[in-house]
1. Only one of (1) more than 23 Å from GLY257 (Cα to Cα); (2) part of a helix (DSSP H, G or I) is not met by ASP102, so which one is it?
2. Considering (1) closer than 27 Å to ARG188 by Cα; (2) touching a residue at least 60 places away in the same chain (Cβ under 8 Å); (3) part of a loop (DSSP other than H, G, I, E, B), say which one ARG13 fails and leave the rest.
3. In the range 104-120, which residue that is open to solvent by 40 Å² or more (accessible area, probe 1.4 Å) and within 16 Å of the ligand (Cβ to nearest atom) is farthest from PRO64 (Cα to Cα)?
4. If I filter the range 121-137 down to residues being more than 26 Å from LYS96 (Cα to Cα) and open to solvent by less than 50 Å² (accessible area, probe 1.4 Å), which single residue comes out as modelled with the highest pLDDT?
5. Run down VAL12, VAL48, VAL5 and say which single residue is within 15 Å of the ligand (Cβ to nearest atom) and in contact with a Ser or Thr (Cβ under 6 Å, 6 or more places away or on another chain).
6. Starting from the range 190-201, take each residue that is closer than 14 Å to CYS162 by Cβ and list its partners that are hydroxyl-bearing (Ser, Thr, Tyr), counting only C-beta distances under 6 angstrom and pairs at least six apart or across chains.
7. Here are ALA17, ALA41, ALA47, ALA80: which of them is surrounded by fewer than 20 Cβ atoms within 10 Å (Cβ to Cβ) and of a type outside the set (D, E, K, R)?
8. Keeping to the range 1-24, report how many residues are under 15 Å from LEU113 (Cα atoms) and touching a helix residue (DSSP H, G or I) at 6+ places or on another chain (Cβ under 6 Å).
Amino acid sequence: MITDVHHVGIAVRDMEAALRFYAEALGLPLVKRGEAPARGARVALLAVGGSYLELVEPTRDDSPFAEHIAERGEGLHHVALGTDDVDALVAELRAKDVPLQDAEPREGFTGRLSYLAPEAMDGALLEVVQPPRELFGGSAGDCPVSRIDHVVLHLPNVEGACGRMREYFGVETKRTFERGEMRFSFLRPGDVIMELIGPKKPPSEARPGSIAGLAFEVTDIEALTADLKERGLPVGEPHAALQGGRIVSVNASGACGVPVAFIDFSDG
Ligand code: CO
């Protein structure tokens, strides 16, 4: 029922600053821009591979996005899973007693959608969305950033979360490993990988989960790094990645609160 990670939502304080990084510096095409008055927000949707980034700037103090920024700072807000029948999916979630913020799907900026309640995934906010035809995912064209490689979720109980991803959405865990005290699980509902990270032994009093990081695949990591440096962004040096290829990080302060990494799997 799930086609892929349709988009990753980012709550930003300043839309123009967010667009300077994501649209200008990274070159991601802006495909839709507008207001979501009921949510007290203005929104911009950028294409990245077959998925999107949804930048959301609150316009009122009582916007849920303003509350998120007040509590956690700006940055990653939610992961939206795409489906071709959101009404059927949400009916199934209701039948399974999954806690939902929107018990009935509503018309949103990216399509017909429901938010799950935060506790459905231990504090990491998930959305399910049935996008309109034109937002089914295209390609980033000749943009230096070709796709979202993975999105990182920090969770207090990774094994439990993997069980819920299977129970709620039929998404299986592809791989799990442990290193030190940490457990890492990888799920692939579509093209984008979801990386779930948490303690090997779930503590009784745990910090709530969150959407914690974003990694993009790029085609020329040296050129992108040089360009980001020239723009004065806090970018590191490309180095060998554990999963193969080369990786470089941008400090969250340079990316509207989002820990961003770029991975280049090519040999050059
Ligand atoms: Co969304």
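1. Single failed check for ASP102: (2).
2. Single failed check for ARG13: (1).
3. So the first thing to find is which residues in the range 104-120 are open to solvent by 40 Å² or more (accessible area, probe 1.4 Å), and the list is 104, 106-107, 112, 118-119.
With the extra rule that they be within 16 Å of the ligand (Cβ to nearest atom), the set shrinks to 106-107, 112, 118.
Details: ARG106: 16, GLU107: 17, ARG112: 18, PRO118: 12 Å.
Only one residue fits best here, namely ARG112.
4. Checking each candidate, the answer is PRO132.
5. VAL5
6. LEU196/SER185
7. ALA17
8. Initial filter on the range 1-24 (under 15 Å from LEU113 (Cα atoms)): 1-9.
This time we only want the ones that are touching a helix residue (DSSP H, G or I) at 6+ places or on another chain (Cβ under 6 Å), so: 1-2.
Residues in the range 1-24 being under 15 Å from LEU113 (Cα atoms) and touching a helix residue (DSSP H, G or I) at 6+ places or on another chain (Cβ under 6 Å): 2 in total.
The values are calculated or read from the model by the stated rules, or taken from the named source; none is laboratory data. Keep in mind that what you see is a predicted model, and the values were worked out from it rather than measured. Ideal geometry is used to build each Cβ from the backbone, glycine not excepted, and the neighbour counts take in all protein chains shown. With ligands, DNA and RNA removed, areas are computed over all heavy atoms of the protein, side chains included. Shrake-Rupley method; radii C 1.70, N 1.55, O 1.52, S 1.80 Å.
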